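To keep things clear, I will list the structure first and then write my remarks on it.
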Amino acid sequence: MEPQELDTLDLNVALAEILQAHGYACQMQGEKILPNFAVPVQLETWAFPREHANGAVVSRFDVGITLPDGRELYECCGDIGENLEEALSRNLQSFCTNSLHVLLDTFNPNENHCPHEIWTASNGNRFQAILGDWVTKNLVEDTDGGDTETIGNIIPEALESTLQTIICHQNLKAQYHLIRFFYAQSDNVTMNVEFMADNQEDATEEEKQLAGLPWLRREAYYSVRRCIMLKPLDSI
């Protein structure tokens, strides 16, 4: 796939339009989006498409979040489509389903799209946990993005409490933390388990613990994903 195919698809503009549809004016500053959030963060998008073996396109979509203190966090999602435009369209749809409301709640005090809980980390720091939806995908065909399923039929009963315990034992010292969890299975075999806190990839033990839960075994592909953000209790 030629990289210039992305030139005609301005994902920053697409994300800014999504934010504006939710009531947040946006300014563009170079490659950054400056949404009118209560917390002045900057956003940026990237896409990394590649051709699939069957001629479809697989695309990873990243959204970078620059916090007021200069720290950078990254949320990402992956999708498949029959062509580049379809894959990127599904990327944006996945971001809206998985992550958008988590970000809106985290950086704006009057938003309440997601469940909010108070969590205490093992170091004693207390946070508001902004809990994104559990989202599942089931690829009926190789080029089908899949339909959301009833999560109660898929995830192990202990997943939510296990994930919270793992998160609270991380080194949570900053004001804001982004956690991403992803699980995928096919042909009755676990394909992928990903646990990332603030985009740190050294989570072998945590991923082993999550993989060891009694996941439903199925021949058909399915995946489970959740985005969580932590913010300080006294944040605006």
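The values are calculated or read from the model by the stated rules, or taken from the named source; none is laboratory data. Computed from a predicted structure; not experimentally measured. Cβ sites come from the backbone with ideal geometry, for glycine too, and all protein chains shown count toward neighbours. Just so you know, the surface numbers come from the protein's heavy atoms only, side chains and all, with ligands and any DNA or RNA stripped out. Shrake-Rupley method; radii C 1.70, N 1.55, O 1.52, S 1.80 Å.
What FRET efficiency would be calculated for the residue pair residue 211, residue 25, taking the C-beta separation as r and a Förster radius of 30 Å, to the nearest 0.05?
Efficiency, from the Cβ-Cβ distance: 0.10.
Starting with the highest mean, order 198-206, 222-230, 92-100 by the number of other Cβ atoms within 10 Å, averaged over the residues of each peptide.
For the peptides 198-206, 222-230, 92-100, the packing ranking is 222-230, 92-100, 198-206.
Need the C-alpha centroid separation for region 22-70 versus region 80-108, integer Å.
First find each Cα centre; the distance between them is then 10 Å.
What nm value, rounded to one decimal, do you get for the distance between residue 138 and residue 17 when each label is placed 7 Å out toward the C-beta?
If labels sit at residue 138 and residue 17, their model points lie 3.2 nm apart.
Between region 174-196 and region 121-140, how many Å separate their Cα centres?
Region 174-196 and region 121-140 have Cα centres spaced 11 Å from each other.
Would you please state the base-10 log of I(q)/I(0) at q = 0.12, 0.15 1/Å for region 164-236, with intensities from the Debye formula using one equal scatterer on every alpha carbon?
-0.38, -0.56
Restricting to DSSP H runs of at least four residues, report the calculated mean residue ellipticity at 222 nm for the chain, -39500 (n - 2.57) per run over all residues, nearest 500 deg cm²/dmol.
Calculated mean residue ellipticity at 222 nm is -6000 deg cm²/dmol.
Kirkwood hydrodynamic radius, the chain, all distinct C-alpha pairs: what's the number in Å?
Here the Kirkwood hydrodynamic radius works out to 18.7 Å.
Give me the net charge for the shell around residue 201: Cβ to Cβ below 12 angstrom, other residues only, Lys and Arg +1, Asp and Glu -1.
Residues close to residue 201 contribute a combined charge of -4.
Return one whole number: the accessible area per residue of the chain in Å², for a 1.4 Å probe.
Here the residues of the chain average 50 Å² of exposed surface.
Along each of the three principal axes of the Cα atoms of region 82-222, give the extent in whole Å, ordering the values from largest to smallest.
46, 34, 27
Which listed residue (64, 212, 30) has the Cα farthest towards the positive end of the charge dipole for the chain, taking +1 on Lys and Arg C-beta and -1 on Asp and Glu C-beta about the Cα centre?
After comparing all options, I get 212.
Based on the Cβ-Cβ distance from residue 120 to residue 200, what FRET efficiency comes out when R0 is 25 Å, to the nearest 0.05?
0.75
For the pairs 137/173; 32/231; 173/208, note any where the Cα-Cα span goes beyond 27 Å.
Cα-Cα > 27 Å for 137/173; rest within.
Using 0.36 nm per residue, how much length does the chain from residue 66 to residue 48 gain when fully extended, once their Cα-Cα distance is taken away?
4.5 nm
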